[in-house]
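The values are calculated or read from the model by the stated rules, or taken from the named source; none is laboratory data. Here the structure is a predicted model, which means the values were calculated and not measured. For neighbour counting, all protein chains shown are included, and Cβ atoms are generated from backbone atoms with ideal geometry for every residue, glycine included. Protein only, heavy atoms only, side chains kept; ligands, DNA and RNA dropped before computing areas. Shrake-Rupley method; radii C 1.70, N 1.55, O 1.52, S 1.80 Å.
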Amino acid sequence: MSTRVITLASRLFKPTSSTFCSSSFGVPISLTCKYFSQSAVTRQLDISGIFPPIPTPFNEDESIAYDKLESNMKKWNKIPFSGYVVQGSNGECCFLTWDERIQMVKETKRLAGPGKLIIAGSGCESTRDTISLTKLMAEAGAQAVLVVNPFYFKASMNSDALIAHFTKVADEVPVPVILYNVPSNTGMDIPPDVVIRLSQHPNIIGMKESGGDITRIASLVYATSSAKFQILAGSAGFLLAAYHVGCVGGICGAANVIGEDVCKLAQLSKSNDLKSAMDLQLKIVGPNTCITRRFGVPGLKTALEWFGYYGGPTRLPLIPLKTEEIDAMRLIFKKSLYL
């Protein structure tokens with residue numbers, strides 16, 4: 001058996017039937033479990049560690065530059081990532097066709113190093129499309145999917161609607177589901193009661209939490225702990241705090257650029273060397289803010305070029321940074337001693 005197969009197999013375990021329904025976390029057990037199909041996948045996948053949400057490299061004509069993806073992957077494979085997230089927000093997923101999104105999964109799977117997990121962003125506005133795209137991404141090599149909540153009709157996306165959506169998806173897809181809460185993009189948080197209830201579904205194994213509210217994260221970790229629900233920090237900007245309240249890792253945009261340091265921070269966060277962990281966290285905060293909330297994907301692609309990766313253009317309507325924005329970003333990276 002290959003090392004790759006052994007490594008991936010070691011991430012899987014079969015939970016007992018009591019794992020998911022033994023506790024109601026304040027929600028009546030009849031309400032918690034009645035939503036979930038008995039035919040749902042009943043395996044758990046270890047998603048601990050650091051995952052970069054990789055950007056989609058474009059040529060100047062906005063076609064996908066698969067050769068540049070290959071060169072970037074060769075560098076990323078040298079960093080101790082647990083795997084890769086493909087077609088998340090940093091992948092400009094909302095600007096790609098389904099065929100492009102699926103091909104990005106195929107290529108990333110082909111290029112990934114041994115034992116690296118492939119998590120694909122498959123969330124769509126409709127439940128039906130989310131299921132269809134998830135199945136196609138699973139066929140392309142995704143071992144789990146990251147599913148953002150529907151938000152276009154946000155006034156109607158109450159707890160019942162979200163539970164119905166995620167439950168049907170999890171019931172019908174062949175790979176584990178990771179919830180994706182990203183209020184800066186969706187304009188809404190997935191309510192805690194929804195997360196707690198869905199945590200007991202046997203095929204919903206965790207959540208990427210990008211809101212940055214440590215109190216919310218800690219509360220959700222506590223409320224879902226007996227379900228073995230795995231919460232990932234959605235940013236390197238609060239990674240240390242996230243680990244210290246029980247998160248198992250992070251899907252961090254900064255890992256694309258300063259991956260070694262993000263992985264080192266993850267290790268320090270689990271050690272007794274709190275001083276070193278705090279120092280490194282503070283060093284990362286400024287650059288992380290630049291390539292996430294402040295300058296977004298154009299900022300990330302600019303920074304990639306500084307560190308020997310291919311960044312390239314974004315797709316319209318995202319536009320390149322202005323000279324003064326690049327100068328401001330460069331100054332912050334210099335203050336953190338990265339340039």
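Here the chain has 56 percent of its accessible surface on carbon and sulfur atoms, given a 1.4 Å probe and all protein chains in place. Taking label points 7 Å from Cα along the Cα-to-Cβ direction, E62 and R110 give a separation of 2.5 nm.
Modelled spin labels at W306 and S156, positioned 7 Å past Cα toward Cβ, are 4.5 nm from each other. Residues R110, R293, sorted by accessible area with the largest first, give R293, R110 [1.4 Å probe; ligands and nucleic acids excluded]. Averaging the sequence gap over all C-alpha pairs within less than 8 Å and six or more residues apart, then dividing by the number of residues, gives the chain a relative contact order of 18 percent.
Under 10 Å, Cα contacts only: if you run a Gaussian network model on the chain, which one of L280, L316, L232 comes out with the highest mean-square fluctuation? Among L280, L316, L232, the largest GNM mean-square fluctuation belongs to L316.
Multiplying the residue separation of I319 and K78 by 0.36 nm and subtracting their alpha-carbon distance yields 83.7 nm. Once C-alpha pairs closer than 8 Å and six or more residues apart are averaged by separation and normalised to the residue number of the stretch 185-296, the relative contact order reads 21 percent. Using just its DSSP H runs of length 4 or more, each adding -39500 (n - 2.57), the chain gives a mean residue ellipticity at 222 nm of -13000 deg cm²/dmol after division by all residues. Taken over the stretch 105-218, the alpha-carbon convex hull comes to 114 cubic angstrom per residue. Helix 66-76 and the longest principal axis of the Cα set of the chain meet at an angle near 80°.
Compared with the dominant principal axis of the Cα atoms in the chain, helix 98-111 is inclined by about 80°.
As an equivalent ellipsoid, the chain spans semi-axes of 31, 22, 20 angstrom, where each value is the square root of five times an eigenvalue of the C-alpha gyration tensor, largest first. Ranked by the mean number of other Cβ atoms within 10 Å of their residues, highest first, the peptides 153-163, 125-135 fall in the order 125-135, 153-163. The relative contact order of the stretch 72-174 comes to 26 percent, based on Cα pairs under 8 Å that sit 6 or more residues apart. Per the Debye formula on identical point scatterers at the alpha carbon atoms of the stretch 180-339, with no solvent, log10 I(q)/I(0) at q = 0.13, 0.18, 0.19 Å⁻¹ is -0.66, -1.09, -1.16. In the context of the full set of protein chains, the chain has a per residue accessible area of 42 Å² (1.4 Å probe). Taken as Cα centroids, the stretch 271-339 and the stretch 44-100 sit 17 Å apart, rounded to the nearest whole angstrom.
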